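The values are calculated or read from the model by the stated rules, or taken from the named source; none is laboratory data. As the structure is a computational prediction, the values presented were derived from the model and not from experiment. No Cβ is skipped: glycine too gets one built from the backbone with ideal geometry, and neighbour counts run over all protein chains shown. Keep in mind that these areas ignore ligands, DNA and RNA; they rest on the heavy atoms of the full protein, side chains included. Shrake-Rupley method; radii C 1.70, N 1.55, O 1.52, S 1.80 Å.
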Amino acid sequence: MAMAVEHVATARRRRWLTGPVAILAMTALVMAAFLVLPLNVPIGPMYWDLFIYFDAANRIFSGQVPATDFFAPVGPLGYYLFAGGVKLLANAQPLLLVHWSLFAVTAPLMALALWQVDAKSRGTALALLLPFLAFALLPFNTREFYPFPGSDGFGIYNRQVCQLLYVLTVALVYLRDQRMLLVSIVAGMTGLFLTKITGFVSGGLLCAFAFAAGRVSIRTAVASAVIFLGSLGLLELWTGFTLNYIRDILALVVMNEGSLLPRFLQAASHTFGIVAPAGLLALFLLYRDRGMLAGKLRAPSVAAIAAIIDHDAFWIMTVLVAGIFFETQNTGSQALIFIWPVLLPVLVRLWQSETERPVFLVAAALASAAALPPLVNTVERAARTYIGAIKNVEMPNQNLKTLGRLNMRPEILARSEKMLDFYTLHRETYADFIRIQELPSSVYYSEFHFQATHLMAIDGAINAIRELEEEQGVRFETILNLNFVNPFPWLLDRNAPLHVAIGADPTRAVPPPDAEALEAVGQADLILHPTCPLTTANADLLKIYAPAMQDHERITLNQCFDAYLSPRMADRIE
């Protein structure tokens, strides 16, 4: 008897250790272990997007509040998670840290849903968990933006939104306990709102559909809305964040309103490999169930209409619409990975019915065509990047802190070092590119050598700033970089000016500066203008802030940066 009890206990422990919640916990421990190690990652296209998080974290550490004290292109959740990660793991490789930081939000929500799913089917729970873990662990977008393998430092907040939408979709499809669903909806929608507004709209569409399908009760819907709005109200009372954030969103909408329709078509084309097979599966299911649906329409009632809406085909279509809408404003992301939680129930139901095996084969083929390519592409890109890194060399630097935890092919490093001198000798050539409003190539910012050269120029500029400060006995407390990113305050332990946009893309994310922003720029001790190379975006930023810089004195800091000194600093420098 005792042996039988012990055997049952052992079986239960083994079952728990192989369960989805235990796997989530072990994954978190593995992540933490990797973040402690002094890892480097290969440089990749548009890697400088990562620098935005350091700018935001530095501002947060100095007491600034996103939206209230500075304009940001997206919501603050990712910035706060990254800032917290930096506090806990100061030496972590930053790309891994920023990508994995969202796990602090998604893992508990996935555990909540999978705990209930696992009680009914271990296979279904693992089928939901394992693809999610692949996307949560691998910091790569599902679509390549450059032919050579490298780390995706861009599209980070888009990837985070896609993972939040995955978790929210799992909850809406699989959770039946309304209390657990309430927690998932409130946490998921709040996370989406505080990450990116287009993700919040997409999540709202999914929640509205779940309500119409009868998955979410009216009591849960009302309670979710009240708690969500109450949370935003508390944030407004505490920091003044909410209304400022909404104003920033409206400013971004105004700046980008003319591009919505073209970007909707672009998003549909980029996701065609998912949309086409998933859409065909939805049409196939509707055709298969046409008799049953028509029968319910002959005797309409609230329950019948909800049952019709709750059909698998309409779930698939809703996810496709939500996913395409979210992708309208994205350059890189893990597009439509949340289609899998609505495809899986179709396959499970058909497989469990012995009379539906022929139908299962058709559905499995279409579902696989929709769900497998993003997963396979992400894993394949990660393998190419990390296996290829065996031949890479570390990027030499003195001042980049963890931003310099990079490696690259020797030929890329050699080219980057040569280009620093080339940009200096041929400055007028790049000025000509500005005159015709073009970049040297259409994928210029994706080129690995540009990203490496940019970091090297920053490293050299920091040496020049320190030498100038030491020679003249001054200290530049407030530094602004007229560039897409401003890592100088973080790297020099200084401050960035208030009310200035971070992630400064002048075409999409830098609204016309108001009086507060112009005053803050005018008070900046040191304003930097990169010249290795001169670019149209940096020239536009110089024009935008020129009214506030009229009293600043221009000097040549070094071969790759012009510097503008505030009157107070200029008077103290010989």
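Consider region 171-221. How many of its residues are among the β-branched types (V, I, T) and surrounded by fewer than 17 Cβ atoms within 10 Å (Cβ to Cβ)? So the count comes out to 2. Among the conditions (1) free of Cβ contacts under 8 Å to residues at least 60 places away in the same chain; (2) more than 26 Å from I52 (Cα to Cα); (3) surrounded by fewer than 16 Cβ atoms within 10 Å (Cβ to Cβ); (4) not polar (S, T, N, Q), G388 misses just one, which is (1).
The set of residues in region 414-439 that are free of Cβ contacts under 8 Å to residues at least 12 places away in the same chain and under 14 Å from D540 (Cα atoms) comprises R435, I436. In a residue-by-residue description of region 142-152, the property of being under 16 Å from the mean Cα position of the chain (by Cα), open to solvent by 20 Å² or more (accessible area, probe 1.4 Å) and of a type in the set (G, A, S) applies to no position.
Can we say A276 is open to solvent by less than 40 Å² (accessible area, probe 1.4 Å), among the hydrophobic types (A, V, I, L, M, F, W, C), under 21 Å from C162 (Cβ atoms) and not in a helix (DSSP H, G or I)? When the stated conditions are applied, A276 does not pass them.
Take P512 and tell me if it is in a loop (DSSP other than H, G, I, E, B) and not charged (D, E, K, R). Break it down into steps so the answer makes sense when it comes.
Details: in a loop (DSSP other than H, G, I, E, B): yes; not charged (D, E, K, R): yes.
For P512, the condition - in a loop (DSSP other than H, G, I, E, B) and not charged (D, E, K, R) - is met.
From the list I305, I309, I337, pick out the single residue that is under 24 Å from R215 (Cβ atoms), surrounded by 15 or more Cβ atoms within 10 Å (Cβ to Cβ) and modelled with pLDDT of 95 or more. Show your work before the answer.
Values: I305 fails: modelled with pLDDT of 95 or more; I309 fails: modelled with pLDDT of 95 or more.
Within the list I305, I309, I337, the selection yields I337.
Here Q451 passes the criteria (1) open to solvent by less than 50 Å² (accessible area, probe 1.4 Å); (2) within 25 Å of G522 (Cα to Cα); (3) touching a residue at least 12 places away in the same chain (Cβ under 8 Å) except the one numbered (2). The set of residues from region 316-334 being open to solvent by 10 Å² or more (accessible area, probe 1.4 Å) and either assigned to a helix (DSSP H, G or I) or basic (K, R) (or both) comprises M317, T318, L320, V321, I324, F325, E327.
Quick check: anything in region 196-217 part of a loop (DSSP other than H, G, I, E, B) and touching a strand residue (DSSP E or B) at 6+ places or on another chain (Cβ under 6 Å)? First the steps, then the outcome.
The first filter runs over region 196-217 and keeps only residues part of a loop (DSSP other than H, G, I, E, B), leaving 196, 213-217.
Among the residues that remain, those that are also touching a strand residue (DSSP E or B) at 6+ places or on another chain (Cβ under 6 Å) are: none.
Checked region 196-217: no residue is part of a loop (DSSP other than H, G, I, E, B) and touching a strand residue (DSSP E or B) at 6+ places or on another chain (Cβ under 6 Å).
Select from region 473-490 the residues that are buried (at least 22 other Cβ atoms within 10 Å of the Cβ), in a loop (DSSP other than H, G, I, E, B) and over 21 Å from the mean Cα position of the chain (by Cα) and list them in ascending order. The answer is F476, L482. Contact map, region 169-185: residues that are in contact (Cβ under 8 Å) with a residue 24 or more places away in the chain and within 13 Å of V117 (Cβ to Cβ) paired with residues that are of a type in the set (V, I, T) and open to solvent by 40 Å² or more (accessible area, probe 1.4 Å), Cβ distance under 9 Å, separation 6+ or inter-chain. Pairs shown: A171/V183.
Here A119, A104, A111, A92 are screened, and the one residue that is of a type outside the set (V, I, T) and either buried (at least 24 other Cβ atoms within 10 Å of the Cβ) or outside the structural domain of L17 (by the TED database) (or both) is A92. The number of residues in region 478-525 being within 23 Å of N558 (Cβ to Cβ) and free of Cβ contacts under 8 Å to residues at least 24 places away in the same chain comes to 2.
Working carefully through the options D493, D525, D540, find the one that is open to solvent by less than 10 Å² (accessible area, probe 1.4 Å), within 28 Å of V65 (Cβ to Cβ), at pLDDT 95 or above and over 25 Å from the mean Cα position of the chain (by Cα). Working first, answer last.
Working: D493 fails: open to solvent by less than 10 Å² (accessible area, probe 1.4 Å); D540 fails: open to solvent by less than 10 Å² (accessible area, probe 1.4 Å).
From the options D493, D525, D540, the qualifying one is D525.
Total residues in region 95-125 satisfying the condition of being within 17 Å of C162 (Cα to Cα) and outside any helix (DSSP H, G or I): the figure is 2. Pairing residues of region 526-539 that are farther than 18 Å from A501 by Cα with residues that are assigned to a strand (DSSP E or B) and modelled with pLDDT of 95 or more, at Cβ distances under 7 Å and at least 6 apart in sequence or on separate chains, gives T531/F561; T531/D562.
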